[in-house]
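S.K.: First the structure, which I've put down as structure tokens, then a few questions once you've had a look.
Every number in this text was worked out from the coordinates using simple rules, so none of it is lab data. Because the structure is predicted, anything quoted here is derived from the model rather than measured. In this analysis, Cβ positions are derived from the backbone assuming ideal geometry, glycine residues included, and neighbour counts consider all displayed protein chains.
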Amino acid sequence: MLVIFDWFFGMFSSDLAIDLGTANTVIYVKGKGIVLSEPSVVAVKKGTNIVLKVGRDAKEMLGRTPGSIVAIRPLKDGVIADFDITEAMLKHFIVKVHNRKTLVRPRIVVGVPSGITQVEKRAIRDAAEQAGAREVYLMEEPMAAAIGAGLPIQDPVGNMIIDIGGGTTEVAVISLAGIVYAKSIRIAGDEMDEAIVQYLKRKYNLLVGERTAESVKIQIGSAFPFDEPRKIEIKGRDLIEGIPKAVTINDSDIREALHDPIYAILDAVRTALERTPPELAADIADKGIVMAGGGAMLHGLDLLISHETHLKVRVAEDPLSCVVLGTGRALDELDLLKRVCLET
Ligand SMILES: Nc1ncnc2c1ncn2[C@@H]1O[C@H](COP(=O)(O)OP(=O)(O)OP(=O)(O)O)[C@@H](O)[C@H]1O
Ligand SMILES: [Mg+2]
């Protein structure tokens, strides 16, 4: 009977896989693929939980809101910082993608940072249930990223994945569908943006917002020099005069600004390599390291890591989608889901 029920529900619900990221939320619908990818930002009426805008529209508002509106990023360092707003955001996105003709509530797989606490797991599970899930499965992000990047995680070989998101960088070694070693540090894209803000303040007395800093990072940020030097004009507010001003900055300035976060990531990779059992280390020496997450797209970061570790490093084909593609694969293959999901 249960089996028939399962089959019945499976037929009519559109199950979802979600990468609830600090920077971006990405949703995959079973049988359809990726259907939504939007910034994890919500604009609310100040002092209330009244949601005005969600996603891309809300991100446009970051740092530009009038007194009566606040734009919030409800996740921080990969976990829920503001529960009610996360739930509202998740609900909004699920309603947007869920096939409303079905009465059945979806099964949802959510990617979560490795090493997340019991309380944090509970919060994510509750948010997904409140947003309409029938069953919630949690899957560690490095595992999901590795599957999404196409690594043979079920084989008896060592696979190393580095997932650099907005809030966290996760380095993991996976073999036989299990995580052999994982390290998660709360230094990733957001920290790089913050480092750029601080640098411009210190060196040019120029105050810029986090959105400008992110755009500078994406345009001329690098971990390894470009073939041709680059420069860009950055506009902000002069800290001393208090008036708008523009400064021209080159790529080596931004490399200097990004030094600390980049080396923190490199340190995490080195530690992971030191802790990897020798047989698996030999596999990694053979096959190299794969990078995922938006931060993996920082120019030359793959080259720098390769240079410092003497290993081959490659960026996954679609780094922003690896986690959701991995959780999506698990939805499609129930055996895999049972093997790799966290016990909760
Ligand atoms: N071309 C690029 N160069 C450098 N960084 C980039 C680039 N494109 C995107 N990013 C950064 O990638 C980060 C977002 O990546 P991603 O969507 O993987 O994070 P997330 O999954 O939401 O976060 P987390 O996994 O930490 O919860 C942002 O910090 C963004 O600025
Ligand atoms: Mg992520």
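S.K.: Ranked highest first by the average count of other Cβ atoms within 10 Å around their residues, in what order do 221-229, 175-183 fall? Don't jump to the answer; show the numbers that get you there.
M.R.: Working: 221-229: 14.9, 175-183: 17.3.
In descending order of packing, they fall as 175-183, 221-229.
S.K.: Please give the contour-minus-distance gain from residue 286 to residue 338: 0.36 nm per residue of separation, less the Cα-Cα distance, rounded to one decimal in nm.
M.R.: Stretched fully, the residue 286-residue 338 segment lengthens by 15.8 nm.
S.K.: Between residue 207 and residue 45, what is the spin-label point distance in nm, taking each point 7 Å from the Cα along the Cα→C-beta axis?
M.R.: According to this spin-label approximation, the distance is 3.0 nm.
S.K.: Here's another thing I want to ask about it. Only bridges with both residues in the chain count here: give the DSSP antiparallel percent, nearest 5.
M.R.: Here the share of antiparallel DSSP bridges comes out near 70 percent.
S.K.: Using θ = phi - 60° and the Karplus curve 6.51 cos²θ - 1.76 cosθ + 1.60, what whole-Hz ³J(HN,Hα) does each residue of the range 236-247 get, with Gly and Pro shown as x?
M.R.: My calculation for the range 236-247 gives x, 10, 6, 5, 8, 7, x, 10, x, 8, 10, 10 Hz in order.
S.K.: Here's another thing I want to ask about it. Arranged by the count of other C-beta atoms within 10 angstrom, fewest first, what order do 243, 174, 69 take?
M.R.: 243, 69, 174
S.K.: Of 156, 67, 220, which is farthest towards the positive pole of the chain's charge dipole, taken about the Cα centre with +1 and -1 on the beta-carbons of Lys, Arg and Asp, Glu respectively?
M.R.: With unit charges placed on the Cβ atoms, the residue in question is 67.
S.K.: Show me the trypsin sites (Lys or Arg not before Pro) within the range 54-153 that DSSP assigns to loop and that have at most 10 other Cβ atoms within 10 Å of their Cβ.
M.R.: 64, 100, 101
S.K.: Another question about this same structure. Lys and Arg at +1, Asp and Glu at -1: add these up for the other residues within a Cβ distance under 13 Å of residue 170 and post the number.
M.R.: My count for the surroundings of residue 170 gives -3.
S.K.: For the range 53-202, report the % of Cα-Cα distances exceeding 19 Å. Please report the intermediate quantities before stating the final value.
M.R.: Values: 7063 of 11175 pairs.
The calculated P(r) of the range 53-202 puts 63 percent of pairs beyond 19 Å.
S.K.: How many angstrom lie between the C-alpha centres of the range 131-171 and the range 309-327?
M.R.: 10
S.K.: Provide 204, 137 in ascending order of the number of other Cβ atoms located within 10 Å of each residue's Cβ, fewest first.
M.R.: Values: 204 18, 137 22.
Starting with the residue having the fewest Cβ neighbours, the order is 204, 137.
S.K.: Let me ask another. Count charges around residue 219 for me, please; just the other residues with Cβ under 12 Å from its Cβ, Lys/Arg as +1, Asp/Glu as -1.
M.R.: Within the 12 Å Cβ shell, the charges total 0.
S.K.: At 0.36 nm per residue, and after removing the present C-alpha to C-alpha distance, how many nm does the segment from residue 250 to residue 126 gain when stretched out fully?
M.R.: So the extension gain works out to 40.0 nm.
S.K.: Counting only DSSP beta bridges with both residues in the range 151-315, what percent are antiparallel, rounded to the nearest 5?
M.R.: Working: 22 of 30 bridges.
Counting only bridges with both partners in the range 151-315, antiparallel ones make up about 75 percent.
S.K.: What are the GluC sites (Glu not before Pro) within the range 237-336 that DSSP puts in a loop, where the Cβ has at most 16 other Cβ atoms within 10 Å?
M.R.: Details: sites: 241, 256, 274, 279, 308, 317, 333; in loops: 241, 317, 333.
Here the GluC sites (Glu not before Pro) that fit, given the DSSP loop and packing criteria, are 241, 317, 333.
S.K.: Would you mind ranking 341, 322 by Cβ crowding within 10 Å, fewest neighbours first?
M.R.: Listing 341, 322 from fewest to most nearby Cβ atoms yields 341, 322.
S.K.: OK, next. Treat every Asp and Glu Cβ in the chain as -1 and every Lys and Arg Cβ as +1, leave all other atoms uncharged, and give the resulting dipole magnitude about the Cα centre to the nearest 20 debye. Intermediate values should be presented prior to the final figure.
M.R.: Details: 41 positive and 47 negative charges, 252 e Å.
My answer is approximately 1200 debye.
S.K.: What number, rounded to the nearest 500 deg cm²/dmol, is the helix-based mean residue ellipticity at 222 nm of the chain, given -39500 (n - 2.57) per DSSP H run of at least four residues and division by all its residues?
M.R.: -12000 deg cm²/dmol
S.K.: Oh, and also: Using the Kirkwood formula over every pair of different C-alpha atoms, what hydrodynamic radius in Å results for the chain?
M.R.: Across the chain, the inverse of the average 1/r is 21.0 Å.
S.K.: Here is a follow-up. I need the Kirkwood Rh of the range 208-315: take the reciprocal of the average 1/r across all distinct C-alpha pairs and report it in angstrom.
M.R.: The Cα-based Kirkwood calculation yields 15.7 Å.
S.K.: So, with +1 on the Cβ of K and R and -1 on the Cβ of D and E, and no other charges, what is the size of the charge dipole of the range 151-315 about its Cα centre, to the nearest 20 debye? Provide the component values of the computation, followed by the final result.
M.R.: Working: 18 positive and 25 negative charges, 70 e Å.
I would put it at about 340 debye.
S.K.: Return the distance in nm (one decimal) between the two label points of a simple spin-label model at residue 231 and residue 267, each offset 7 Å from Cα along Cα→Cβ.
M.R.: Distance between the two pseudo-spin positions: 3.4 nm.
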